[in-house]
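Everything below concerns the one structure shown next.
The values are calculated or read from the model by the stated rules, or taken from the named source; none is laboratory data. Here the structure is a predicted model, which means the values were calculated and not measured. Every residue, glycine as well, gets a Cβ built from its backbone with ideal geometry; the counts of neighbours run over all protein chains shown.
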Amino acid sequence: MGAVEIVTVDSPKAAVLRRRAKPVGKVTADVGRLIEEMIEAMRLANGVGLAAPQVGVSKRLFVAEVEARVHVVVDPQIVKMEGEALATEGCLSIPGWVADVPRSQRVVLKGKNRRGRGITLDAEGLLARVIQHEVDHLNGVLFLDRVVDRSTIREAAATTEVEPAEPAPAGG
């Protein structure tokens with residue numbers, strides 16, 4: 001399996017990060033291979049989430065791994081959001097930088113799994129934050145666009161774990 005390259009904001013391919021991704025539709029063998037490559041790339045980069053546009057593919061698909069559980073969501077749609085929490089986020093497409101980002105504490109997401117079957121995810125805490133971060137990528141939004149207090153933008157620590165009240169390793 002060939003490793004896919006993560007697109008960064010300073011890459012010649014960076015425009016894909018600012019476009020609304022297109023629906024996947026049917027989950028084909030090609031989509032399955034992309035999912036496996038994305039999981040591998042996310043793990044190699046020590047991330048907790050990765051959206052297809054971050055590997056140069058403008059499709060509505062993301063992967064996440066939180067608390068040793070891998071989540072694959074195709075054509076996701078957030079249908080409910082509750083509460084708000086501020087925590088530090090990073091992004092594999094904006095390496096070296098973190099900032100405090102407000103996000104909903106709980107989200108309900110509908111979509112399809114890697115087999116194309118309908119799923120509903122009810123998530124809180126870190127998984128809810130990762131879901132919102134990755135869905136933002138599918139809509140052409142980067143985490144820095146969500147920062148309310150620009151003074152919280154800072155260089156990341158040497159490790160992927162950043163100091164938050166809630167652990168927030170580099171997201172997608």
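The figures follow:
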{"quantity": "Tally, over segment 46-76, of residues that are surrounded by fewer than 19 Cβ atoms within 10 Å (Cβ to Cβ) and hydrophobic (A, V, I, L, M, F, W, C)", "calculated": "2"}
{"quantity": "Residue match in segment 116-139 (condition: of a type in the set (S, T, N, Q) and over 15 Å from the mean Cα position of the chain (by Cα))", "calculated": "yes"}
{"quantity": "Top-ranked residue in segment 1-27 [being assigned to a loop (DSSP other than H, G, I, E, B) and in contact with a Ser or Thr (Cβ under 7 Å, 6 or more places away or on another chain); ranked as nearest to Glu134 (Cα to Cα)]", "calculated": "Ala21"}
{"quantity": "Residue in segment 115-133 that is acidic (Asp, Glu), crowded, with 19+ Cβ neighbours inside 10 Å and in a strand (DSSP E or B) present", "calculated": "no"}
{"quantity": "Val101, sole failed condition from (1) in contact (Cβ under 8 Å) with a residue 40 or more places away in the chain; (2) surrounded by 22 or more Cβ atoms within 10 Å (Cβ to Cβ); (3) outside any strand (DSSP E or B)", "calculated": "(3)"}
{"quantity": "Output for segment 73-97, where each listed residue is closer than 21 Å to Gly140 by Cβ and part of a strand (DSSP E or B)", "calculated": "Val73, Val74, Asp75, Pro76, Gln77, Ile78, Val79, Met81, Glu89, Gly90, Cys91, Trp97"}
{"quantity": "Count of residues meeting criterion [among the small types (Gly, Ala, Ser), surrounded by 15 or more Cβ atoms within 10 Å (Cβ to Cβ) and more than 14 Å from Gly49 (Cα to Cα)] in segment 82-98", "calculated": "2"}
{"quantity": "Residue among Val107, Val98, Val70 that is closer than 25 Å to Glu155 by Cβ and over 12 Å from the mean Cα position of the chain (by Cα)", "calculated": "Val98"}
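Yes/no matrix, rows are residues, columns are (1) at pLDDT 95 or above; (2) closer than 22 Å to Glu67 by Cα; (3) out of contact with any Lys or Arg (no Cβ under 9 Å at 6 or more places or on another chain):
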site	(1), (2), (3)
Val108	yes, yes, no
Ile119	yes, yes, no
Glu124	yes, yes, no
Glu134	yes, yes, yes
Asn139	yes, no, no
Asp145	yes, no, yes
Thr159	no, yes, yes
Pro164	no, yes, yes
Gly171	no, yes, no
